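Here the structure comes first, spelled out in structure tokens, and everything after it is commentary.
The values are calculated or read from the model by the stated rules, or taken from the named source; none is laboratory data. Predicted model only: the values in this text are computed from it and were never measured. Backbone-built Cβ (ideal geometry, glycine too); neighbour counts: all protein chains shown.
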Amino acid sequence: MAEIIRTEGEVRRGMVMARDLGVAPSEESPTIAVASGDMVHWGSVWGGFFVTLASGLILMALPIAFGARPASTVSAWGLILAMIGALIATYVGSLLTGYLCGAWNRTLAGLNGLILGCVIVASTVLASIGGAAAGRVMGLFPLSAFITPNTVTPEAIGAGWGFIISAILLVAVGFAGGVQGENLHEEQIAKSRGRT
């Protein structure tokens, strides 16, 4: 794996949430080799995760705030709007992840955003499994609602394909948001260096 060399000033700036400390790199600044383990910035990934959750909750509450009543059945339009809200929330979270990771590389920032998308998909699966298990224990719904011993219902097939497409879209949006977040970070650093 290629080794990334950064100046001491760049490393210090990255350590304080990508804020510019006014330390300009110079020829006499010592360089610090960054280990390959520093490529994933979990602080920015988890920060993006919680921003994604918060913005997703806000987007889900907006229709209710405008007077929409919860429906007793699930409609196709409701699922489409929920997916659009999830994509917007993931983009906002991955934008923050890319901005805060301080990767100094668009690909690495995009990969941190991609990891955020994977964390969102995994947490959704775990929450669904936990919710299904809790619902089964409390007797809220039968386990064979979609799957019977001999057949799989069309609803289950549709839900499976919907999940696959949603997961791919969420991970792709995570990567794109991470790259855009790094672009914003580089623009801010260029502006701050231009002022000093």
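Numbers for the structure displayed
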| quantity | calculated |
| --- | --- |
| Criterion (within 24 Å of TRP161 (Cβ to Cβ), crowded, with 22+ Cβ neighbours inside 10 Å, out of contact with any His (no Cβ under 7 Å at 6 or more places or on another chain) and touching a residue at least 60 places away in the same chain (Cβ under 8 Å)) met by exactly one of LEU95, LEU79, LEU116 | LEU116 |
| Test: residue in the range 159-182 that is modelled with pLDDT under 90 and either closer than 15 Å to TRP46 by Cβ or in contact with a strand residue (DSSP E or B) (Cβ under 8 Å, 6 or more places away or on another chain) (or both) | no |
| Test for ALA24: is it at pLDDT below 55 and closer than 14 Å to GLU182 by Cβ | no |
